[in-house]
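Written below as structure tokens is the structure these notes are about.
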Amino acid sequence: MKIINMLVLTVFASSIALSGLAQDIPVKETDQKKMLSEKYKGKSYSPHAKRDFPSQVLWGDSHLHTGMSFDAGTAGCILLPEDAYRFAKGEEVMSSFGIPVKLSRPLDWLAVTDHSDNMGFVIDMIAGKPEIMANPMGKDWHERLKVASKDEKPEIAYEIIKALMVTKTFPQEIYYGPETAGYKSTWDNIVGAAEKQNDPGNFTAMIGYEWTSTLNGNNLHRNVLYRDGGVEALQLVPYTTTPPLGSSDPMELWKWMTNYEKKTGGQLLAIAHNGNLSNGLMFPMVEQYTGRKLDKTYMQERAKWEPIYEITQIKGDGEAHPLLSPKDEFADYETWDFGNIVPGNMVIAKETEMLPKEYAREALKNGMLLEDKYGTNPYKMGFVGATDSHTGLATAQEDNFFGKHSGYEPDPNRMDHLFMQSTVGKMMSWGQVAAGLGAVWAKDNTREEIFDAMQRKEVYATTGSRMSVRFFGGWEYTKEDLMSREPAFAGYQKGVPMGGDISDAPAGKAPTFMVYALRDPIGGNLDRIQVIKGWVDKNGKSHERVYDVAVSDGRIIDKHGRCQKEVGNTVDVATASFQNSIGASELSVVWTDPDFDSKQKAFYYARVIEIPTPRWTTIDAFRFGIEIPEGASVSTQERAYTSPIWYSPKR
């Protein structure tokens, strides 16, 4: 026994010595980098080694305003860009009217996009800046806003906005134009906040602004996002719509963007605002609002500078309209079609012929027609969702919705306010939508990676839910490709992701699409996945069709590619709750287009629908013990829209 114990001790001691020796001879970092950089000859056992495709979905908001925006500030927002970034990172902050607020989960990225016109004026006016107080009108606004109640601030806000944009009575001596010290100082502060809060790998604070072209109330706004940091962004102040240094023409904005890139070596892109309030001007087919005929230059410039489009936000959903897509039972989702938007409550009424030039699906179809005529598709765009919140708070969840501007922060009366009206109807504040979010497939959480994903359109929009969605197109996908928990490997190997192109169909083959969706961990189950197809026939006429490709609960998809049976509804209005007892936690499918014609150009995108869940109006009614206003929906079906994949026939 003693001999055995001695042997054990000897071996134990030896192992300690060898362990210590091993610790003294580490692999040099330079040797490790050399080994990693050398080309591996075989196939690695680890499927993730040498992987070179976007593997993470990053959630963010590309359209958020703070008190630096002229309208947000006058309506009572006192939060600044740094507050907005801290909130997006997951910190708890106080709202402008003193309500503690926090996100359920942090965002991965955020672009603060304050309006460039008169940027920073309101914050300085409220602070009582001497130069502004020296002006009678500026002093009057300051004193009235200082004592105004939450409900009174919007009225004063409309008065100030109207003075600037309609009556043109805003005092020029206190206007913050691009050449003024106040404007330049504001831009310095906005960029500085983004630089301070940017944390590559963990959180991306993108630099941006909103160019706010509003022609007689027709909304042609664009959010301009930077790939760059402060060194480049500070070399030029943002472009405005106010002459002589600015313009309301998008083509002039694109010229400014061209000049910026030439001067700084940086990169920009623009995201057009949801077009449902443009009254037919967002997606022109013959001429711009200026009367300028569309030509090759317009097509090429728009395609270059505007790779993605804001399809959903607080002011309604912009994917489709029931009059344009009568066979699509999901087309009438949070539809705002009563007019445009002007300072004050009265708006210009909508006319039916305006609709085809306002909605994304119709624009995708019309873009292919324009491509046939001009050689470039100006509306070949990916999709992103955003809030357009003017509170400094990127809140898109139904149970955490803080409204369009600070006057609509949660309280028992907020649903009864008049939001907008026209001669044919009105919009009460309960019509605001708790939406949306942008999802980006990227390799890393940095400005460069997120911007590049937007450029290649590998992005998708949701109405606020954080469901994960993959969408690939090619010619060789099979059901076996979905067997893996990592279908993206086959997705990239055999085809292209959302935002990509396929062409030159192999003889006798139709394209296959692989789509996979996983529910938001704290959201509703999934109802169905649909593929929306648009195409142009031999006579130059565009068409569309909706296919149900995967449905939950064992329901049947008929021979026409549709599931006629609804998923059901578990929403309990009295308690503002629901049960995930219907629907599916995930859905996936490899689908082949049964109506494919290799001679017809086409686009395809996926739409993922959740089961019904309580709308924010129902949640407000429960929390405040009030009645739901007549006409307000009690439930909603959150959804995701992927960027399209385009098919082009052989030339």
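When Leu234 is tested against (1) buried (at least 22 other Cβ atoms within 10 Å of the Cβ); (2) at pLDDT 95 or above; (3) not charged (D, E, K, R), just one condition goes unmet, and that condition is (1). Counting only strands (runs of 3 or more DSSP E) that sit wholly inside segment 572-651, those with at least 2 residues that are in contact with a Pro (Cβ under 9 Å, 6 or more places away or on another chain), touching a residue at least 24 places away in the same chain (Cβ under 8 Å) and polar (S, T, N, Q) are 586-592.
From the set of residues in segment 387-424 that are under 21 Å from Thr613 (Cα atoms) and of a type in the set (Phe, Trp, Tyr), which is surrounded by the fewest Cβ atoms within 10 Å (Cβ to Cβ)? Selected residue: Phe402.
Which strands (runs of 3 or more DSSP E) sit wholly inside segment 450-501 and have at least 1 residues that are in contact with an Asp or Glu (Cβ under 6 Å, 6 or more places away or on another chain)? It would help to see each step written out before you state the result.
Values: elements: 459-462, 468-474, 495-497.
Those strands (runs of 3 or more DSSP E) span 495-497.
State whether the residues of segment 360-378 include one that is among the aromatic types (Phe, Trp, Tyr) and in contact with an Asp or Glu (Cβ under 9 Å, 6 or more places away or on another chain). Yes, there is a match, as at least one residue in segment 360-378 is among the aromatic types (Phe, Trp, Tyr) and in contact with an Asp or Glu (Cβ under 9 Å, 6 or more places away or on another chain).
Can we say Leu107 is assigned to a loop (DSSP other than H, G, I, E, B), closer than 19 Å to Ala194 by Cβ and of a type outside the set (Gly, Ala, Ser)?
Values: assigned to a loop (DSSP other than H, G, I, E, B): yes; closer than 19 Å to Ala194 by Cβ: yes; of a type outside the set (Gly, Ala, Ser): yes.
Answer is yes for this residue.
Only a single item in (1) of a type in the set (Gly, Ala, Ser); (2) at pLDDT below 95; (3) part of a helix (DSSP H, G or I) is not met by Ala507, and it is number (3). Looking across Gly561, Gly625, one residue alone is at pLDDT 95 or above and within 30 Å of Lys365 (Cβ to Cβ). It is Gly561. The one condition from (1) under 23 Å from the mean Cα position of the chain (by Cα); (2) surrounded by 15 or more Cβ atoms within 10 Å (Cβ to Cβ); (3) not β-branched (Val, Ile, Thr) that Asp501 does not meet is (2).
On the basis of being outside the structural domain of Met415 (by TED's automatic domain parsing), without any contact (Cβ under 8 Å) to a residue 24 or more places away in the chain and in a strand (DSSP E or B), does Asp558 make the cut?
On the way: outside the structural domain of Met415 (by TED's automatic domain parsing): yes; without any contact (Cβ under 8 Å) to a residue 24 or more places away in the chain: yes; in a strand (DSSP E or B): no.
In short, no.
In the condition set (1) free of Cβ contacts under 8 Å to residues at least 40 places away in the same chain; (2) over 24 Å from the mean Cα position of the chain (by Cα); (3) more than 27 Å from Glu449 (Cβ to Cβ), Thr242 is compliant with all but (1). Of (1) farther than 30 Å from Lys509 by Cβ; (2) crowded, with 23+ Cβ neighbours inside 10 Å, Tyr604 satisfies all except one. Which? So Tyr604 meets the others, but not (1).
The values are calculated or read from the model by the stated rules, or taken from the named source; none is laboratory data. Keep in mind it's a predicted model, so treat the numbers as computed, not measured. Don't worry about glycine lacking a Cβ; one is built from the backbone with ideal geometry, like all the others, and counts go over all protein chains shown.
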